[in-house]
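First the structure, in the form of structure tokens, and then the observations on it.
The values are calculated or read from the model by the stated rules, or taken from the named source; none is laboratory data. Remember, it's a predicted structure, so these values are computed and weren't measured experimentally. Note that each Cβ is placed from the backbone with ideal geometry, even for glycine, and that neighbours are counted across all protein chains shown. For the accessible areas, the whole protein counts, side chains as well, though only heavy atoms, and no ligand, DNA or RNA atoms are used. Shrake-Rupley method; radii C 1.70, N 1.55, O 1.52, S 1.80 Å.
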Amino acid sequence: MNEYLCHDFKTPRTDTSRRLPSTFRSIPVIFYVALVGSAYVMTMDYFNYKKALRQKVEAEERKAVSESQRDSFKSEKADLESEATKAEKVAQWMEGARNIQPIAVKIARAVQTDTRITQVALERSEQVPANIALTIHLNGSKVSTELAAIEAALGQLLYRSYSPQQTKNGDVVEYHSTLVRQAD
């Protein structure tokens, strides 16, 4: 039998450091507590991140709904404003529309029996609805006196002729004028 003998030839060493204090035994405990705590914080951060993503998606959906409502309200407002401007133009048109029948009656009564009216046209402009374009075709011998009588009759209705023009083609006199309503 062979017995192996090992001799330890170590000599006691005096240059080694002292043992660690006993309070350092708590360092591994603190490490594991910190490890568990950081795992808990990371888990809670992950759940909060997922919750924040859901809230972000919900907020974007609410934003899209509110933007679509805003756009529909804007288009409805634009439609209402266009309708209001159309209604305003119609109101201006109606306000500028004086009763044309008295004008036609005054013209017919101002003309003598020996002069014939072959055509009367009363037209209103869209730009200036208060003004009326008058076109008369008269056939007769005393046309100039008839035109003066027509202008006097229209003056009784508070209309005056603006830029009157006469054109004579044989026996027919063509009279163009713009009737402007005088202030009451």
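Any residue at all in the range 98-119 that is among the hydroxyl-bearing types (Ser, Thr, Tyr), over 22 Å from Tyr159 (Cβ atoms) and at pLDDT below 80? Taking every residue of the range 98-119 in turn, at least one turns out to be among the hydroxyl-bearing types (Ser, Thr, Tyr), over 22 Å from Tyr159 (Cβ atoms) and at pLDDT below 80. Any residue at all in the range 1-13 that's farther than 30 Å from Pro129 by Cα, of a type in the set (Asp, Glu) and either surrounded by 10 or more Cβ atoms within 10 Å (Cβ to Cβ) or in contact (Cβ under 8 Å) with a residue 12 or more places away in the chain (or both)? Within the range 1-13 (the criterion being farther than 30 Å from Pro129 by Cα, of a type in the set (Asp, Glu) and either surrounded by 10 or more Cβ atoms within 10 Å (Cβ to Cβ) or in contact (Cβ under 8 Å) with a residue 12 or more places away in the chain (or both)), the answer is no, since none of the residues qualifies. Does Ser125 count as polar (S, T, N, Q), open to solvent by 90 Å² or more (accessible area, probe 1.4 Å), under 19 Å from Gln165 (Cα atoms) and at pLDDT below 90? Taking the combined requirement at face value, the residue does not satisfy it.
Give the range 127-160 a look and list any residue that's among the hydroxyl-bearing types (Ser, Thr, Tyr) and over 30 Å from Lys86 (Cα atoms), or say none. Once the filter is applied, which keeps residues that are among the hydroxyl-bearing types (Ser, Thr, Tyr) and over 30 Å from Lys86 (Cα atoms), the range 127-160 yields Ser141, Ser144, Thr145.
In the condition set (1) in contact with a strand residue (DSSP E or B) (Cβ under 6 Å, 6 or more places away or on another chain); (2) open to solvent by 70 Å² or more (accessible area, probe 1.4 Å); (3) touching a residue at least 24 places away in the same chain (Cβ under 8 Å), Val143 is compliant with all but (2).
Between Ser22, Ser66, Ser75, the distinction of being at pLDDT below 95 and either open to solvent by 90 Å² or more (accessible area, probe 1.4 Å) or over 30 Å from Gln182 (Cα atoms) (or both) belongs to Ser22 only.
The set of residues from the range 41-59 being open to solvent by less than 100 Å² (accessible area, probe 1.4 Å) and of a type outside the set (S, T, N, Q) comprises Val41, Met44, Asp45, Lys50, Ala52, Leu53, Val57, Glu58, Ala59. Just so you know, in the range 146-158 the residues that are touching a residue at least 12 places away in the same chain (Cβ under 8 Å) and open to solvent by less than 50 Å² (accessible area, probe 1.4 Å) include one that is farthest from Arg116 (Cα to Cα), and it is Leu157.
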